[in-house]
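Everything below concerns the one structure shown next.
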Amino acid sequence: MVRIKKILLIALLAVMAMLIVGCGSSSKATLVEGKVNVVTSFYPLYEFTKEIGGEYVNAINLVPAGVEPHDWSPKSRDIKNMTQAQVFVYQGAGFEGWVKDFLGSLSADSTLKVVEASQGANLIKTAENKEEFDPHAWLSPLNAVKMANNIKDALISADPAHKEAYERNYASYAAKLNDLDARYKKELGQTSKKEIAVSHQAFAYLCRDYGLTQLAIMGLSPDAEPTAQDLKKMNEYIKEHQLKYIFFEELVSDKLAKTLANDAKVDTMVLNPLEGLTEEQAKAGETYISVMDKNLKNLVIALQ
């Protein structure tokens, strides 16, 4: 009898642990009455929404701090928030694999305003003759301006009474993004090197805008498995261009990047694709612009 009770207790604790983990992977934010509730699919869109919406908007970011969004999918609480919100903002360009099913589940009388933030941005195709795009458009500050504008238009549509505030907030934030673009153009235009080695193929937009070239260990998804040929190619690239660093990101394991860096006798450094903040960054008040400025600082060091 004691043994049976012990087994039942262990099973109960295991179930509780799974529930706790499940809750931890889902946004705990709630809808707020009297404000425009906007659910965003991941961090940059959340920040753009907060900056433009100001006091009139309650923004809910689906993917929690410290969680990599590529393979994340919504839980029941998230779906409830999305269906009951006034606005839902997602990146598009294939970034959120779960969005198509969610949109297909909406009832015909749903009043939810859906915003594909990357719509109209200057997107890069992933391969010849394919209608597939690199989704990491937010890493171009100029694309970020366009994405923020799409969000602003949706807020005005959902809440026309505060149009002037949204327009004013957008203009202020767009000016900051344009200043960020100017800093990148100035600083990277002066570097002697133009090639970077990265763990995750997320920086095509940044490279396009500022005259750089990237070679990645992994593909568009940060958990893609590189082949032996990929690793050999990276080693050759590092030697050919006399690189001193391999860039990695915080939200995925840096083990492979550090192993390859050790083999190539180079160092590692962070280049953040801004798919999300770590818990420490969130607590420290880091923002899209502050992290992009840190990226710029590291790029300048690596490219000198």
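The values are calculated or read from the model by the stated rules, or taken from the named source; none is laboratory data. Quick caveat: nothing in here was measured; it's all calculated off a predicted structure. Cβ coordinates were reconstructed from backbone atoms using ideal geometry, including for glycine residues, and neighbour counts include every protein chain displayed. Just the protein is used for accessible areas: all its heavy atoms, side chains included, with ligands, DNA and RNA removed. Shrake-Rupley method; radii C 1.70, N 1.55, O 1.52, S 1.80 Å.
Things worth noting here:
- Filtered residues of segment 175-206 (kept if hydrophobic (A, V, I, L, M, F, W, C) and within 17 Å of the chain's Cα centre (by Cα)): L177, V198, A202, F203, A204, L206
- Picking from residues in segment 214-267 that are in a loop (DSSP other than H, G, I, E, B), open to solvent by 60 Å² or more (accessible area, probe 1.4 Å) and not polar (S, T, N, Q), the one that is modelled with the highest pLDDT is K244.
- Enumeration of residues in segment 178-213 that are aliphatic (A, V, I, L, M) and open to solvent by less than 40 Å² (accessible area, probe 1.4 Å): L180, L188, I196, A197, V198, A202, A204, L206, L212
- Pairs with Cβ under 6 Å, 6+ apart, first in segment 64-91 and touching a residue at least 12 places away in the same chain (Cβ under 8 Å) and farther than 20 Å from E116 by Cα, second assigned to a helix (DSSP H, G or I) and open to solvent by 40 Å² or more (accessible area, probe 1.4 Å): A65/E279; A65/A282; G66/E279
- Test result for A165, of a type outside the set (K, R), at pLDDT 95 or above, over 19 Å from the mean Cα position of the chain (by Cα) and in a helix (DSSP H, G or I): yes
- Any hit, segment 119-140, residues being surrounded by fewer than 19 Cβ atoms within 10 Å (Cβ to Cβ) and among the hydroxyl-bearing types (S, T, Y): yes
- Residue that is nearest to the chain's Cα centre (by Cα), among those in segment 270-295 that are within 17 Å of L212 (Cα to Cα) and buried (at least 19 other Cβ atoms within 10 Å of the Cβ): P273
- When the helices (runs of 4 or more DSSP H) confined to segment 30-139 are screened for residues that are within 27 Å of A174 (Cα to Cα) and either modelled with pLDDT of 95 or more or over 18 Å from the mean Cα position of the chain (by Cα) (or both), those reaching at least 2 such residues are found at 43-53.
- Exactly one residue among L260, L206, L231, L251 is in contact (Cβ under 8 Å) with a residue 40 or more places away in the chain and farther than 20 Å from P44 by Cβ, and that residue is L260.
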